[in-house]
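The values are calculated or read from the model by the stated rules, or taken from the named source; none is laboratory data. All figures in this text were calculated on a predicted structure; none of them were measured in a lab. Methodologically, a virtual Cβ is constructed for each residue, glycine included, from the backbone with ideal geometry; neighbour enumeration extends over all protein chains shown. Please note that ligands, DNA and RNA were not included when accessible areas were found on the heavy atoms of the full protein model with its side chains. Shrake-Rupley method; radii C 1.70, N 1.55, O 1.52, S 1.80 Å.
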Amino acid sequence: MFDVKEIRKDFPMIQNHPDLIYFDNGATTFKPKQMIEAVDYFYLFGTSNVHRGDYELSIQADKLYDDTRRLTATFINADTDEIIFTHNDTGSINQIAYGLSRSFLKEGDVILVSQVEHASNLLPWFRLSHDLGIKIEYIPVNKQGVMTVEEVKKCMHKKVKVISIASTSNVLGSEQPIKQIASIAHDNGAIIVVDGAQSVPHKPTDVKDLDVDFLTFSAHKMCGPGGVGILYGKKKHMMHMEPVFLGGGMNARFASDTSMILKEGPERFEAGTPNIEGIIGLGKSIQYLMKLGMENIHEYEKELRSYFASRMKELDNVIFYNPENESGAITFNVKDVFAQDAAGYYAHKNIAVRSGNHCAKILHEIIQTDSTIRASLYFYNTKEEVDRFIEVTKEVNLENAVGIFF
Amino acid sequence: MSHQNLLSDPDILRELIMDHYKYPHHHSLTEENGYLQKHMASESCIDDITVQTKIEDGIIQDIRFDGVACTISTASTSMMTDLLIGKTIEEAKAIIDEYFMMIDGKEYDEEVLQEAVAMKNVYKQANRIKYATIGWNAIQALLESEASHE
């Protein structure tokens, strides 16, 4: 059974802020004490660099580092040598875009994206468009940010080399039919890159079943530490991808005539000292999530979101943009109140939400507003918090939003 | 009640902000010649305003603004236009300095700032300070560029 009361006891941030409602999990999540203790342990008892292996501490650090790579692979049903550690989700996508641009992509090739994408899945491709003449085209989405298989098929043509989309939108929670889109991509000789930052933390992920070529996500959005991104890539693509960073740990040998031979495994993309403690922490957070069960987490969140959505629909002072989506954030505006002003009122009531465009700066072309309030949940949130949120939402108006300053 | 007493009543200050937000003063841009212009788009992700001013013989003849902005941005910029139009550049700079003192939570002269004292508590929400200063930063930059041209 999914006992949210017990689960909440694992999170010091919840214990230390008993009156706070934290609905900004799309930005980052709280950390369970099991993960924090693992990072602490590294600092207190286990500090050492990796890939040295000449003494016991270093052997231990290597083991924890390698264990995490194995565990991460298990978590998404990948092979261990298909998992690269980067510094965040953005770092992962930049590695893919840059890496492919040096070998796989050429002038006139097309990257298919959508208007709901986060900056991290647009700007790396935009740069290729500026620098290499690679073209960006958009898959149409409906008002809830969802694309249909038929629309994707219509967008395919000979020049399309890459489809790069988020499995779940960070603003609208739109879930895309990734498995079918991957199949369309492959039928047309293209590859698919999936930004999983908002989906991997919330539901089971099986890269073999989805048959995606690349998947990226971020440790801190799934109970892990900051500064760790994950890049999954099919082995056959890894060797075509040029690393962004060169340096120690990723080369096999080099000589004064500038020749260099790079390693062939994931280490090829992990130049320099990695975020060892962060990666060890990621291992613990994955263990924590697997113990709760990703299927259970998904079911619990789906029910909570559905409850939240039904309560939001009772209100007549809000514009609710994504009532039909089953997952992800609740995204809305309070009528006649600018999003930041409303967020200021929530903050005043000890509720953390995010206002703005959430880095999806071309999404306004779909929902006709620049700025929204995003309330994003995780498995430790409760119906009681939703109820309190609804009561506060009823009070949001211009007068109260300005009133917080007096 | 005297003018200053009115401006210490929280209800009145709140009404002032709401009023300047709903009905901002000098809230339209012009194509007319002789205006300096500053686009403020990089201070935050959302607030995106443009401020124009016309300065002749060292006197601010006009200030205008428009754009997408929250209550605090809109009201603070609207109040700024009221305060600075008709002032010399030197007088305006002194008022701007006083305003920034208030926004930083330091001592300031209420007499100088008049209605803009409504923004006196914004410093308590640090993330809102950039909204209370966006229009003021714009006019300050415009006055400096005018001064450097003289």
Within 10 Å of each candidate Cβ there may be at most 13 other Cβ atoms; applying that plus a DSSP loop requirement, which GluC sites (Glu not before Pro) in the stretch A:15-111 survive?
A:Glu107
Kirkwood hydrodynamic radius over Cα pairs of the stretch A:35-291, then Stokes diffusion coefficient at 37 °C and 0.692 mPa s, in µm²/s
174
Per residue of A:369-380, other chain Cβ atoms within 10 Å number on average 1
For chain A, build the charge dipole from Cβ charges (+1 Lys, Arg; -1 Asp, Glu) around the Cα centre, then report which of A:Ile76, A:Leu20, A:Ser114 sits farthest towards its positive end.
A:Ser114
Carbon and sulfur together cover what percent of the accessible area of the stretch B:3-149 at a 1.4 Å probe radius?
45
On the protein heavy atoms, probe 1.4 angstrom, tell me the percent of accessible surface of the stretch A:35-291 carried by carbon and sulfur.
54
Only helical DSSP H runs with n ≥ 4 go in: add -39500 (n - 2.57) per run for the protein assembly as shown, normalise by residue count and round the 222 nm mean residue ellipticity to 500 deg cm²/dmol.
-12500 deg cm²/dmol
Hey, can you rank A:113-125, A:349-361, A:244-256, B:106-118 by average C-beta count inside 10 Å, highest first?
A:113-125, A:349-361, B:106-118, A:244-256
Take every residue in peptide B:68-75, count the Cβ atoms of other chains within 10 Å of its Cβ, and give the average of those counts.
5
Per-residue accessible area for A:Tyr98 at 1.4 Å probe radius, Å² rounded to 10?
80
Going through the cross-link list A:Lys161/A:Lys208; A:Lys143/A:Lys349; A:Lys63/A:Lys291; A:Lys361/B:Lys130; A:Lys9/A:Lys179, which pairs have a Cα-Cα distance over 25 Å in this structure?
A:Lys143/A:Lys349; A:Lys9/A:Lys179
I need the semi-axes of the equivalent ellipsoid of the stretch A:69-198: take the C-alpha gyration tensor, multiply each eigenvalue by 5, square-root it, list largest first in whole angstrom.
21, 19, 15
Select from A:Thr372, A:His130, A:Thr90 the residue farthest towards the positive end of the dipole of chain A; place +1 on Cβ of Lys and Arg, -1 on Cβ of Asp and Glu, and compute about the Cα centre.
A:His130
Quick one: dipole size for chain A, taken about the Cα centre, charges +1 on Lys/Arg Cβ and -1 on Asp/Glu Cβ, in debye to the nearest 20.
500
Between chains B and A, total accessible area buried, probe 1.4 Å, no ligands or nucleic acids, nearest 100 Å², roughly 1800
When you count, for each residue, the other Cβ atoms within 10 Å and take the mean per peptide, how do A:394-400, A:214-220 rank with the highest first?
A:214-220, A:394-400
Which one of A:Ala360, A:Ile280, A:Tyr321 is farthest out on the positive end of the charge dipole of chain A, using unit charges on Cβ (Lys, Arg +1; Asp, Glu -1) and the Cα centre as origin?
A:Ala360
Taking square-rooted eigenvalues a ≥ b ≥ c of the alpha carbon gyration tensor, is chain B rounded, prolate or oblate, where a/c under 1.5 means rounded and, failing that, a/b exceeding b/c means prolate?
prolate
Förster radius 60 Å - calculated FRET efficiency between A:Ala255 and A:Asp206 (Cβ-Cβ, nearest 0.05):
0.90
Relative to the longest principal Cα axis of chain A, at what angle does helix A:89-101 sit, 0 to 90 degrees, rounded to 10?
50
Rank by packing, highest mean first: peptides A:375-385, A:84-94, A:315-325, B:32-42, with packing defined as the count of other Cβ atoms within 10 Å averaged across residues.
A:84-94, A:375-385, A:315-325, B:32-42
In square nanometres, what is the average projected area of the Cα convex hull of the stretch B:1-74?
6.8
Tell me the per residue accessible area of chain A using a 1.4 Å probe; a whole number in Å² is fine.
42
